[in-house]
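For reference, the structure is listed below as structure tokens.
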Amino acid sequence: MTTALELYDRALDADARLDYVLAGETLPAGLARWKGVHSPGDGGMLDRCAGPTLDIGCGPGRLVAALVGRGVSALGLDISPVAVRLTRARGGRAVRGDVFGRVPREGRWATALLADGNIGIGGDPVRLLARCRDLLAPGGSVVVELETPGAATAVAELRLRVDARVSAPFPWAFVSFADVPGLAYRAGLEITEAWTEAGRWFAALGGAPAH
């Protein structure tokens, strides 16, 4: 069966329609927004990217390019070679890699960015947040986009659809804004700021004090 990465690359490269398939329901993935220049709600998130920023799951580089335009040092990280190429074509820096593998400048990032649902990567938000914590320099923060407070936090088997082709399933997490304090605590983090903008929900997480 076709992998999710193969279909994702195809959609990025060909501007094809990309959908999620979840529990038999087909939902738009938002590819046009990812490939755009700006999405409503981006501004406040970008404002909180202080110092060198790692955009985890950078996709086609919308946020990396925006940070570069603001004079912020930024690097995109993505498992997709097409995403890395598109980010570089926008004038951003990007490398191909897995956040759970070897990452450049580990322990020296001021900000780790998890936007556009990327808190779902790997299907284990506590593990992902703990990994992000390890990537940060002292005093750094994880800036994360979340589901609305009324949404359910869940781990699901997700598939991608492009045209008539559907990928093999892969684990993905959906994290409600209401549940992030407990998940952050388990990852050794705490909420330092929370906000909503243009119908999107966000939080900044910093290192929890030792007890």
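The values are calculated or read from the model by the stated rules, or taken from the named source; none is laboratory data. In this text, all values refer to a predicted model and were calculated from it rather than measured experimentally. With ideal geometry, Cβ positions are generated from the backbone for all residues, glycine too; neighbour counts draw on all protein chains shown. Accessible surface areas use protein heavy atoms only, side chains included; no ligands, DNA or RNA. Shrake-Rupley method; radii C 1.70, N 1.55, O 1.52, S 1.80 Å.
Each Cα pair under 8 Å and six or more residues apart adds its sequence gap; the mean of these over the residue count of the chain is a relative contact order of 21 percent.
Computed packing ranks the peptides 181-189, 54-62, 9-17 as 54-62, 181-189, 9-17, most packed first, by mean other Cβ atoms within 10 Å. Suppose a student asked you for the relative contact order of region 130-197, using Cα pairs under 8 Å spaced at least 6 residues apart; what percent would you report? Here the relative contact order equals 32 percent.
Positive end of the dipole of the chain (Cβ unit charges, origin at the Cα centre): among Ala187, Leu54, Phe202, the Cα lying farthest that way belongs to Leu54. Extending 7 Å from Cα along the Cβ direction at Ala130 and again at Asp15 yields two label points whose distance is 4.4 nm.
Across all Cα atoms of region 43-137, the radius of gyration (one decimal) and Dmax (whole number) stand at 12.0, 33 Å.
Percent of C-alpha pairs per 10 Å bin in region 78-126, short distances first: 21, 53, 25, 1. The Cα center of region 24-82 and the Cα center of region 159-183 differ in position by 18 Å.
Measuring how big the chain is from its alpha-carbon positions, Rg and Dmax come out at 16.2, 53 Å.
Take the alpha carbon gyration tensor of region 91-190, find the square roots of its eigenvalues, order them as a ≥ b ≥ c, and report rounded if a/c is under 1.5; if not, report prolate when a/b exceeds b/c, else oblate. Here region 91-190 falls in the oblate category. With a Förster radius of 25 Å applied to the beta-carbon distance between Arg186 and Arg70, the computed FRET efficiency rounds to 0.15. Thr3 contributes about 60 Å² of solvent-accessible surface, heavy atoms of the protein only, 1.4 Å probe. Dipole size of the chain about its Cα centre, with +1 on Lys/Arg Cβ and -1 on Asp/Glu Cβ: approximately 640 debye, rounded to the nearest 20. Looking only at region 62-211, where both bridge partners belong to it, what percent of the DSSP beta bridges are antiparallel (to the nearest 5)? Given both bridge residues lie in region 62-211, the antiparallel proportion sits at roughly 70 percent. Net charge dipole, region 1-88: roughly 280 debye, given to the nearest 20, about the Cα centre with Cβ charges of +1 for Lys and Arg and -1 for Asp and Glu. Per residue, the chain exposes 45 Å² of accessible surface when a 1.4 Å probe is rolled over the protein heavy atoms with every protein chain present.
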